[in-house]
Amino acid sequence: MHPMTLDAIDFNLLYRLQKHSSTYKKKSQEEWDGKAWEINEKIHEGFYNDEMERRIDLDGVQSLLDVGCGPGTFALRFAPRLKQVYALDYSPKMLEVLEHNAQKRAISNICPLCLDLEESWEGVAPCDVVIASRCLEVEDMRAVLQKLHEKAKKAVYITYKNGGSFLEAEVLEAMGRKITPKPDYIYLLNILYQMGIRASLDFISPQGEPYGTFDSFESYHRSTLWSIGEMTPQEEAGLKDYYEACQKKGKTPAHKNSSWAFISWRK
């Protein structure tokens with residue numbers, strides 16, 4: 001009998017199995033299209049964005065590939081400091097919003113690319129730095145990490161959810177919802193290790209700042225539904241009771257898990 005070794009474990013397969021069984025499913029292109037303008041209103045400022053910017057080293061960098069760029073959260077921040085930025089997303093509406101934002105800011109060095117992370121990236125130019133912020137809800141993690149690595153000349157910076165749920169445990173408990181967790185960030189580190197990449201790990205957490213504030217139960221419910229996918233009438237009733245109890249106590253209701261693993265490596 002041969003002893004079990006780390007190399008005998010297929011972490012990408014384990015990731016895929018847990019991803020398949022998880023409560024949380026990948027959002028479709030159409031779903032992201034429908035949220036593009038709403039997301040654009042609130043995603044450009046905040047602690048997370050400032051921390052990402054602080055940690056990404058642009059010294060000597062001329063080009064950047066922003067994967068899962070959304071409405072330009074980081075492409076717009078970094079473009080004034082770079083020669084060329086490529087902004088990749090599979091939502092045409094997100095790229096439309098990005099181009100609108102760039103035009104308003106008189107930024108002309110962002111090239112939008114309408115591509116799925118898991119489809120061919122043939123023709124995507126290699127860049128000094130590649131970033132993938134909060135967008136790696138993919139089926140084949142190793143294949144996508146390999147693409148990020150191959151397109152980077154100097155460094156890669158990614159973030160992935162810390163924990164198995166997009167919602168805080170307090171919210172799930174109030175709803176009476178039991179979930180099958182999504183894969184945690186540790187899968188990515190082990191997959192990278194098996195690819196021969198020794199990545200660095202840190203965390204971005206809100207340090208007591210709430211993920212968001214809501215002016216009504218309707219907006220709180222809508223945001224929770226976006227994260228969990230569907231709710232039974234009983235779960236909706238539990239969520240409403242929880243929200244109203246928080247309102248009476250003057251307490252900000254718990255909402256999304258806002259802790260992210262920050263993973264990076266140099267070439």
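The values are calculated or read from the model by the stated rules, or taken from the named source; none is laboratory data. Since the structure is predicted, the reported quantities are computational estimates derived from the model, not experimental observations. Glycine also receives a Cβ, built like all others from the backbone with ideal geometry; neighbour counts cover every protein chain displayed.
Per the conditions (1) loosely packed, with under 14 Cβ neighbours inside 10 Å; (2) touching a residue at least 12 places away in the same chain (Cβ under 8 Å); (3) closer than 20 Å to LEU98 by Cα, the sole criterion not satisfied by MET52 is (1). Screening the candidates ALA106, ALA155 for the property of being closer than 18 Å to SER264 by Cα and of a type outside the set (Ser, Thr, Tyr) yields one hit, ALA155. One residue stands out in segment 183-216 among those that are of a type in the set (Gly, Ala, Ser) and at pLDDT below 95: the one that is farthest from the chain's Cα centre (by Cα), namely SER216. Just so you know, in segment 237-257 the residues that are part of a loop (DSSP other than H, G, I, E, B) and either within 15 Å of LEU172 (Cβ to Cβ) or of a type in the set (Lys, Arg) (or both) include one that is farthest from the chain's Cα centre (by Cα), and it is LYS251.
I need the full set of residues from segment 71-88 which are crowded, with 19+ Cβ neighbours inside 10 Å and touching a residue at least 40 places away in the same chain (Cβ under 8 Å), in order please. Answer for segment 71-88, where residues must be crowded, with 19+ Cβ neighbours inside 10 Å and touching a residue at least 40 places away in the same chain (Cβ under 8 Å): THR73, PHE74, TYR86. Checked against the criterion of being touching a strand residue (DSSP E or B) at 6+ places or on another chain (Cβ under 7 Å) and either at pLDDT 95 or above or at positive phi (or both), segment 103-110 has at least one qualifying residue. Within segment 119-147, the set of residues being within 15 Å of the chain's Cα centre (by Cα), more than 20 Å from GLU41 (Cα to Cα) and not aliphatic (A, V, I, L, M) comprises GLU137, GLU139. If you go through segment 112-153 and keep only what is in a strand (DSSP E or B) and buried (at least 18 other Cβ atoms within 10 Å of the Cβ), you end up with PRO112, LEU113, CYS127, ASP128, VAL129, VAL130, ILE131, ALA132, ALA152. In segment 237-258, how many residues are of a type outside the set (Lys, Arg) and surrounded by fewer than 16 Cβ atoms within 10 Å (Cβ to Cβ)? Of the residues in that region, 7 qualify.
Checking each residue in segment 219-236 for being assigned to a helix (DSSP H, G or I) and exposed (fewer than 11 other Cβ atoms within 10 Å of the Cβ) picks out only PRO233. Does SER216 satisfy being over 30 Å from GLY60 (Cα atoms), crowded, with 16+ Cβ neighbours inside 10 Å and polar (S, T, N, Q)? Spelling it out, it is not the case that SER216 is over 30 Å from GLY60 (Cα atoms), crowded, with 16+ Cβ neighbours inside 10 Å and polar (S, T, N, Q).
Rundown of residues vs (1) touching a Leu at 6+ places or on another chain (Cβ under 9 Å); (2) in contact (Cβ under 8 Å) with a residue 60 or more places away in the chain, yes/no style:
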site: GLY176; (1), (2): no, yes
site: ASN190; (1), (2): yes, yes
site: ILE204; (1), (2): no, yes
site: GLU218; (1), (2): no, no
site: TYR242; (1), (2): no, yes
site: LYS249; (1), (2): no, no
site: ALA254; (1), (2): yes, yes
site: TRP265; (1), (2): yes, yes
